[in-house]
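The values are calculated or read from the model by the stated rules, or taken from the named source; none is laboratory data. As the structure is a computational prediction, the values presented were derived from the model and not from experiment. Cβ placement follows ideal geometry from the backbone for every residue including glycine, while neighbour counts extend to all protein chains displayed.
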Amino acid sequence: MTTSMPHDEPLTGTFSSSLAIRSMRVKGLILFPVLIALLVFAAQFASSTMALKLTLWISFAICALSLDFVWGKAGIFSFGQNAVFGLGGYAYAVVALNLFPTSQETISALLGAGLVGAVSSTLLGYFLFYSRLSDVSLSIVTLAVTLIIYTVLASTAGPEYHIGDALLGGFNGIPSLPGIAFPSIGSFGGEELSMHQLLTFAIVFAGLIYFLLHVLVHSRFGLKIEGLRSNELRMELLGYDVRKLKLTAFTIGGLIAGLGGGLFAAWGTFVNPSVFSLAQAATVVVWVMVGGRGSLLGAFVGVLLVQSAADAADLVVTEQTPLLVGLLLIGVVMLMPDGVVPTLTRWIMPARSRQRDFRIKLPVAKPGFANETPERRLSVTEIAKHFGGVHVLRGISAAFGEHPINAIIGPNGAGKSTFFNILTGRHRPDQGKVVLNGSDVSRMPTFLRCRRGLGIKMQVPCIFSDLTVRENMQLAAMISREAQDICDVLQRVGLSNRANEIAKTLSHGEQQWLEIALLLVQNPSVILLDEPGAGMGEEDKRRTIALIHSLSEQHTLIVVEHDMEFIRALSAPLLMLHQGIVFRSGAFEELVRDDAVIDAYLGRRSHAG
Amino acid sequence: MDAFVVILVSAVTAIATLILISTGLAVIFGLMRVINMAHGEFLMVGALTTTSLVLKLHFPWWLAMMVAPFVGAAIGGVMEILLISRIYQRDLVDTLLITFGISLIMFQLAVNIFGTTPPGIETPLGAMTVGSYSFPAYTLVLLVAALVMLSGLYLLFTRTKYGLLARATAQNPAMALALGVPAQRINFITFTLGCALASLGGAVLAPMISVSPSLGQAYVGQAFMTVVIAGPAFISGTLLSAFLLGGVSNGLSQGATTLWGVTGLFAMAIVILRFKPLGVSASWKRGL
């Protein structure tokens, strides 16, 4: 049951700095407290064994939820969520043992667990993301961290290893913890919760975490981390600080896992290093895989299914948990890689995954703002760059902005791509300066240059293919100080009737236009285009050339290209690179008549001498 | 002088151990981009094969160690055919999860067959004395085994047809396939080789460590770190990485406790990655 959003839905609206949530979702969330109340009511009828088991599962589900968020939403595959969960458990133990005797409450310990989870994730995340580790290295490092914490905590058996009154206890861990106890206010609180009270608390606690996470996922931040998962490079090219975004998402995941760990320790009134075992690390992944990554509800479904299956199997063969988890993991990956919830959702509501409504109202700049941008200049002086012993660029100086279109050409190996990468900020020059609109950006990372008015169009379309066209545009507009009207821009590139479609369903050509639209909505002063004509047919090329001419009215364009016909049609001043220097510059007709230029292209020794 | 020998011997042991436990993983990761999460369990297979053959069938220790890699290769080969070859083209996380599943199954099966604390074997060859200090002569075996393993691999990958094809497949699978390289068979051999090397490593270490089904868990973290730090050059990179990590962790173990050694290894690895995210060999010209 989905209400289809009309295509011509106005996109403009007033700027709201608070988290604006999709209206449809808000309606759904009114039902949410009712559901929680029903669950709490039903919980009172559970047997003691059942209550105990359910509380444990809820703590597991909170851990699964954290991985679901970090992996399914932000695209960071971490094996370390159970380690953070475990650290949360230890934090609960240490705080509770030190404070409970005097304060008679353990809410501080639970919050401490969340804090330790968040802080440890921030620390680890700093090294993971600021080192720009590859995904594989990242998952290995998180696993290694888990194993090493296991080893370290397991060897803290001696009496010398203690934090305040809490002995760490090596393999045996920390026993006899107080359960959850609220601070006493009047007749309320001051003592540990009973089994059913604990279950009630766990349901409300998990419900609250779920609710907040749900709101977060549907906020601007949620769209940003989806963009991150979909296309990290494009996020950077739009001006987002990708590393900071990842670190933030990872920290939020850590906070949640830590809180789950606190609940876990309060449930069992003990904590030991077995939470850091490999089997446990795998189990968390299995929960999320079974439930379905990317679906927050999947975390709960996954825990319920996997743990019930484990319990059922335990009746047949005891103590074979790793075997079972292993088989489940292999089975799910081979047979149902999407997980239960997304698979079911697709069966029941096939349209839903395609139909996305827009999420946020955006700040919209005054129309005509584009013309007020005074400066549209990019210049370089004496740029040099070498890789190992190879001097690719040997002192290049140039200024772009006099003429609206500028083309950079050169034979293979001339240093075109290196030069392009110096302009984008992917490479830092060994020497020389890059100046954008009067400010030195030589040492600035790509995303900061993009925020200052540099637009970059890649050779192959670089868009958020998992998001709708409109969401693509919103991501671009959100970070820009000069955001243009999304509707106008979509109309200009001819995509206004495709706004609600998932970007990957567009044709190759349309994806190119979408990428250009992403640049236009940010109204950059200078646009870099990397081989815009590559892999295009004649018709597409003509359209692209026409578009480049129309863009040049408001932006300075720098085109790196080697298709001579394409360059001729641009009728732009050329800068020819050869052997790392500016070999010639001038108009197309001058250069094609220059023997030295032809020699360079043909690889002949100069006959002119 | 004696103190120097003490430090030298323990450093050599630490470095040789890291090489022995990580080479198999490095080969599979370096050539197939597959993370074998069951690597630790292949170490365990090697070690348990050795102890079982020595204790039950009274094999001489060196013969038992020679058998171990074949057991590892057999298990790895079956695993490759049944599972890995089917998902090789898919997401990297998938192979990681599959091998993780296998790791858990192998662990539990080992517990079921051997129990949690099977008996170990004595360290052969007795002790050597230098001045007032004596150390197990077997340390030399570790060193020689590590060096033979690395130089053997170097020869394999530079001098044989398989080595050339495997490196070609690793660099550009599509192109290799287009040129008629039987990529599937090459991957099968590579994976089997990696498992065999892991088992050999576990076998050689068996007399020096406590052999149990959880052996894999104890060593695999260090092995992963060594491989990540090593980077793309999986032979020379592993050697340097083992030197760095082994040296630091050994120094700390000597100066403080083993606990600090392990923590130090990890801390060092994280710091290296902060500056060399692709590993120490990332900028080297030779790819081995």
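So, B:Val204, is that one at pLDDT 80 or above, surrounded by fewer than 17 Cβ atoms within 10 Å (Cβ to Cβ), under 30 Å from B:Val12 (Cβ atoms) and among the β-branched types (Val, Ile, Thr) or not?
Details: at pLDDT 80 or above: yes; surrounded by fewer than 17 Cβ atoms within 10 Å (Cβ to Cβ): no; under 30 Å from B:Val12 (Cβ atoms): yes; among the β-branched types (Val, Ile, Thr): yes.
In short, no.
Using beta carbons and a limit of 7 Å, which pairs, at least six apart or on different chains, have the first residue in the range A:382-410 and within 14 Å of chain B (Cβ to nearest Cβ) and the second one surrounded by fewer than 16 Cβ atoms within 10 Å (Cβ to Cβ) and part of a loop (DSSP other than H, G, I, E, B)?
Going by the 7 Å Cβ cut-off, the qualifying pairs are A:His386/A:Asp430.
Can you report the number of residues in the range A:314-326 which are of a type in the set (A, V, I, L, M, F, W, C) and either within 12 Å of another protein chain (Cβ to nearest Cβ) or within 18 Å of A:Gly291 (Cβ to Cβ) (or both)?
Looking only at that region, the number is 4.
Which one is nearest to the other protein chains (Cβ to nearest Cβ) among residues in the range B:112-125 that are of a type in the set (Val, Ile, Thr) and in contact with a helix residue (DSSP H, G or I) (Cβ under 9 Å, 6 or more places away or on another chain)?
B:Ile113
With respect to A:Leu97, determine if the residue is in contact (Cβ under 8 Å) with a residue 60 or more places away in the chain, of a type in the set (A, V, I, L, M), part of a helix (DSSP H, G or I) and more than 14 Å from every other protein chain (Cβ to nearest Cβ).
Yes.
Go over the candidates B:Asp94, B:Asp2 one by one and state the one that is at pLDDT below 90 and touching a strand residue (DSSP E or B) at 6+ places or on another chain (Cβ under 8 Å). Break it down stepwise before answering.
Details: B:Asp94 fails: touching a strand residue (DSSP E or B) at 6+ places or on another chain (Cβ under 8 Å).
That would be B:Asp2, the only listed residue that is at pLDDT below 90 and touching a strand residue (DSSP E or B) at 6+ places or on another chain (Cβ under 8 Å).
For the range B:153-166, check the following and say yes or no: at least one residue is surrounded by fewer than 20 Cβ atoms within 10 Å (Cβ to Cβ), aromatic (Phe, Trp, Tyr) and assigned to a helix (DSSP H, G or I).
The answer is yes; a qualifying residue exists.
Can you pull out the helices (runs of 4 or more DSSP H) entirely within the range B:1-111 that have at least 2 residues that are within 19 Å of B:Val228 (Cβ to Cβ) and more than 14 Å from chain A (Cβ to nearest Cβ)? Break it down stepwise before answering.
Numbers: elements: B:2-32, B:39-56, B:61-79.
In the range B:1-111, B:2-32 are the helices (runs of 4 or more DSSP H) which contain 2 or more residues that are within 19 Å of B:Val228 (Cβ to Cβ) and more than 14 Å from chain A (Cβ to nearest Cβ).
State whether one or more residues within the range A:67-89 are outside any helix (DSSP H, G or I) and among the aromatic types (Phe, Trp, Tyr).
Yes, there is a match, as at least one residue in the range A:67-89 is outside any helix (DSSP H, G or I) and among the aromatic types (Phe, Trp, Tyr).
From A:Phe79, A:Phe85, which residue is within 27 Å of B:Ala218 (Cβ to Cβ) and more than 14 Å from chain B (Cβ to nearest Cβ)?
A:Phe85
Looking at the range A:100-120, can you tell me whether even one residue there is buried (at least 20 other Cβ atoms within 10 Å of the Cβ), within 14 Å of another protein chain (Cβ to nearest Cβ), in contact with a helix residue (DSSP H, G or I) (Cβ under 7 Å, 6 or more places away or on another chain) and polar (S, T, N, Q)?
yes
So that you can scan it fast, the table gives a plain yes or no per residue for (1) surrounded by fewer than 16 Cβ atoms within 10 Å (Cβ to Cβ); (2) at the interface with another protein chain (Cβ under 8 Å from one of its Cβ atoms):
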residue: A:Gly125; (1), (2): no, no
residue: A:Phe129; (1), (2): no, no
residue: A:Ser134; (1), (2): yes, yes
residue: A:Val141; (1), (2): no, yes
residue: A:Ala144; (1), (2): no, yes
residue: A:Val152; (1), (2): no, yes
residue: A:Ala157; (1), (2): yes, no
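I'm told B:Ala146 meets every condition in (1) within 14 Å of chain A (Cβ to nearest Cβ); (2) under 20 Å from B:Thr49 (Cβ atoms); (3) touching a helix residue (DSSP H, G or I) at 6+ places or on another chain (Cβ under 7 Å) except one. Can you identify the failing condition by its number?
(1)
Out of all the residues in the range A:45-68, which are small (Gly, Ala, Ser) and farther than 22 Å from A:Val290 by Cα?
A:Ala46, A:Ser47, A:Ser48, A:Ala51
Is the range A:303-310 home to any residue that is more than 19 Å from A:Trp71 (Cβ to Cβ), within 14 Å of chain B (Cβ to nearest Cβ) and at pLDDT below 85?
Within the range A:303-310, one or more residues are more than 19 Å from A:Trp71 (Cβ to Cβ), within 14 Å of chain B (Cβ to nearest Cβ) and at pLDDT below 85.
Each row is one residue, and each column tells you yes or no for (1) within 14 Å of chain B (Cβ to nearest Cβ); (2) of a type in the set (A, V, I, L, M).
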site: A:Ile256; (1), (2): no, yes
site: A:Val288; (1), (2): yes, yes
site: A:Leu335; (1), (2): yes, yes
site: A:Asp338; (1), (2): yes, no
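Identify, by number, the condition in (1) more than 30 Å from B:Ile87 (Cβ to Cβ); (2) at pLDDT below 80; (3) surrounded by fewer than 14 Cβ atoms within 10 Å (Cβ to Cβ) that A:Glu382 doesn't meet.
Every condition holds for A:Glu382 apart from (2).
For A:Phe171, only one of the following conditions fails: (1) touching a helix residue (DSSP H, G or I) at 6+ places or on another chain (Cβ under 7 Å); (2) assigned to a loop (DSSP other than H, G, I, E, B); (3) more than 11 Å from every other protein chain (Cβ to nearest Cβ). What is its number?
Just one mismatch for A:Phe171, condition (2).
Filter the range A:306-320 down to the residues that are within 30 Å of A:Val215 (Cα to Cα) and crowded, with 17+ Cβ neighbours inside 10 Å and list them by number.
Selection gives A:Val306, A:Gln307.
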